[in-house]
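Input: a single structure, listed below in structure tokens.
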Amino acid sequence: MKQFYTLVFVLLVLGITSCRDSDRDEDTTTNSSEDYATGQTIIHDIFKIVHQAAYSSKGITTANLADTNTIFGCDTLIIDTISNPKKITVQFDNPCSFNYVSRSGTIIITTSSKYDTPGASTSVNFSNYNYNNYSILSGTVSVVYNGIVDGKPNYSFNTNELRIENNRKRSIYIQNTQRFSIQAGETTATFVDDTYSISGTTNGTTFEGNSFTATITTNLTLLGSCRWINSGLVNVSPNNKPVRKLNFGSSCDNKASVSIYDITHDIALP
């Protein structure tokens, strides 16, 4: 009889474990997609800042489209063309608010040669940098100008172990391998008239600690004047979970949708 009860207990444990595994397989959360989109919003803003800082700083580019000491009017560009590599330090007021985005801290940009020379490699580091209560604690960004590709300026844009912390002291880790093709606005220094087409992949860890990968299946469109991605499709794949199909819509707003199998969830981006 004792063996019988032992067998029943084992079967119950196995049954409960099986149910839990099944529940995980049917997980319908959108956390990975939301955290991916949040990370991209912050990271893509960095590309805009780096791009405008380079084209606004005399001696950093061959084009020299402008010569100014500020991007938003509440920051200061400190330009060093004597050192090798050349260096731009972007210092933000605390806070520097522009178009409903608050930034503070410092972004340090170093480039191996003129920013707009094919093959030029630009490294981006951060000191106490904050974007709307999200802080970049560690990691780097690199930008490489690939020259003209299909008639448009093309940049490789990669992040290396970038750690972004929210106001609850939780972090996401983002590893991006992306390409930026500038479709419009490349003849002016300011980024507000730019249009970017973005392709590539990402892997990382969410605020809850779950790992994921993401692949852009329809190029993202990002306007320089908009803080959010305007359109594009991404397959977000949490570890051991069904693929989430992230759709950024077709306009400048914080609305997106995530489809899991045949169920679609609306999400709002920060």
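The values are calculated or read from the model by the stated rules, or taken from the named source; none is laboratory data. Keep in mind it's a predicted model, so treat the numbers as computed, not measured. When we count neighbours, we look across all protein chains shown, and the Cβ atoms used for this are built from the backbone with ideal geometry, even at glycine.
Give region 180-209 a look and list any residue that's surrounded by fewer than 17 Cβ atoms within 10 Å (Cβ to Cβ), of a type in the set (S, T, Y) and part of a loop (DSSP other than H, G, I, E, B), or say none.
T187, T188
Give the residue, chosen from S102, S33, S57, that is hydroxyl-bearing (S, T, Y), at pLDDT 95 or above and buried (at least 17 other Cβ atoms within 10 Å of the Cβ).
S33
How many residues, within region 215-247, are in contact with a Leu (Cβ under 8 Å, 6 or more places away or on another chain) and of a type in the set (A, V, I, L, M, F, W, C)?
Matching residues across region 215-247 total 7.
Of the conditions (1) more than 20 Å from P270 (Cβ to Cβ); (2) over 17 Å from the mean Cα position of the chain (by Cα), N235 clears all except one; give me its number.
So the condition that N235 fails would be (2).
So which residues in region 94-153 are in a loop (DSSP other than H, G, I, E, B) and of a type in the set (S, T, Y), if there are any at all?
Passing the criteria: Y100, S112, S113, Y115, T117.
In region 42-53, is there at least one residue being farther than 21 Å from P153 by Cα and touching an Asp or Glu at 6+ places or on another chain (Cβ under 6 Å)?
No, that holds for no residue.
Kindly indicate whether any position in region 99-114 is on the phi < 0 side of the Ramachandran plot and among the aromatic types (F, W, Y).
no
Being within 17 Å of V50 (Cβ to Cβ), in contact (Cβ under 8 Å) with a residue 24 or more places away in the chain and of a type in the set (S, T, Y) is the filter here, so list the residues in region 124-143 that pass it.
Within region 124-143, Y129, Y131 qualify.
Applying the selection to region 220-231, what residues are touching a residue at least 24 places away in the same chain (Cβ under 8 Å) and in a strand (DSSP E or B)?
Once the filter is applied, which keeps residues that are touching a residue at least 24 places away in the same chain (Cβ under 8 Å) and in a strand (DSSP E or B), region 220-231 yields L220, T221, L222, L223.
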